[in-house]
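To start, the structure under review is shown below, and the notes come after it.
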Ligand code: GLU
């Protein structure tokens, strides 16, 4: 498979595409990003790295961090206990919706919407002495890159506008599904969202999900295969807010997006791929990112289906 030629085709097509998307502005610092940024990086298990554009520039990973947080929690706690506090069903609602939580007694639909990730943050705080340090070193161990860190401006900006996430936490605490104090959980959740990584670093970190839980650089087993199967299933059904069906339909790979404009997708036993384009469609997914991944599975002729 000539991946570089396929990526070059996508890069050329991008030049003639007009995005109708909008860069996220509800976190003011994110609105400052150049909407023209566009990068893609594919990491193939058998043949290595392929890329174009701004694939080495770091951006705010935002909700993509929810996959790392879930993985860490699944390594620390057994699945029965963990999934009693957060479900594994697609939400069909926006990522920060409060309505469903009220009906469903404070149990979030899945770990990839904000409410679910806030529960996962609460779990990690209870399980770890230093959750922030642990979280960063987990990412460092997956990528081999110790300079990955948060963007303090994005962190401060998100903190100043975190009323809705605070509301989700308050509601869940009223239902008894948050054990630590609200400020501590909010602070750790925002810390995770404000981490910056490049397309290349994300493709490298996500390789464990394509490679049966093993880091590709040394084949070290980081996550047991049964847990990887479950994480990939949740990415497939819940990775794209209330557009997970559309992403499955158009692209056909498990993945996760973030409001920073990044999307990571995996093809088990084949490759990981990350694309970054900041303008978002109305559902909060990178508009051109989705297009690029749809073209990838069309041009290669294979997806997981
Ligand atoms: N930090 C963002 C929030 O909580 C994450 C949203 C996202 O990327 O989906 O609103």
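The table below lists the values:
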{"quantity": "Residue list for the stretch 70-96, restricted to those being free of Cβ contacts under 8 Å to residues at least 40 places away in the same chain and crowded, with 21+ Cβ neighbours inside 10 Å", "calculated": "86"}
{"quantity": "Residue in the stretch 158-168 that is assigned to a loop (DSSP other than H, G, I, E, B), away from the ligand (no atom under 16 Å from the Cβ) and either over 16 Å from residue 73 (Cα atoms) or under 17 Å from the mean Cα position of the chain (by Cα) (or both) present", "calculated": "no"}
{"quantity": "Helices (runs of 4 or more DSSP H) fully within the stretch 1-107 counting 3 or more residues that are within 16 Å of the ligand (Cβ to nearest atom) and within 27 Å of residue 210 (Cα to Cα)", "calculated": "65-76"}
{"quantity": "Options 303, 277; residue that is touching a residue at least 24 places away in the same chain (Cβ under 8 Å) and within 15 Å of the ligand (Cβ to nearest atom)", "calculated": "277"}
{"quantity": "Some residue of the stretch 36-59 being over 24 Å from residue 235 (Cβ atoms) and free of Cβ contacts under 8 Å to residues at least 12 places away in the same chain", "calculated": "yes"}
{"quantity": "Top-ranked residue in the stretch 228-245 [being free of Cβ contacts under 8 Å to residues at least 40 places away in the same chain and more than 13 Å from the chain's Cα centre (by Cα); ranked as surrounded by the fewest Cβ atoms within 10 Å (Cβ to Cβ)]", "calculated": "229"}
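The rows are residues; the columns are (1) touching a residue at least 12 places away in the same chain (Cβ under 8 Å); (2) loosely packed, with under 14 Cβ neighbours inside 10 Å.
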{"site": "163", "(1), (2)": "no, yes"}
{"site": "174", "(1), (2)": "yes, yes"}
{"site": "181", "(1), (2)": "no, yes"}
{"site": "186", "(1), (2)": "yes, no"}
{"site": "196", "(1), (2)": "yes, no"}
{"site": "207", "(1), (2)": "yes, no"}
{"site": "216", "(1), (2)": "yes, no"}
{"site": "223", "(1), (2)": "yes, no"}
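Each value in this text was obtained by applying a stated rule to the coordinates, not by laboratory testing. These figures come from a predicted structure and were not determined experimentally. Cβ coordinates were reconstructed from backbone atoms using ideal geometry, including for glycine residues, and neighbour counts include every protein chain displayed.
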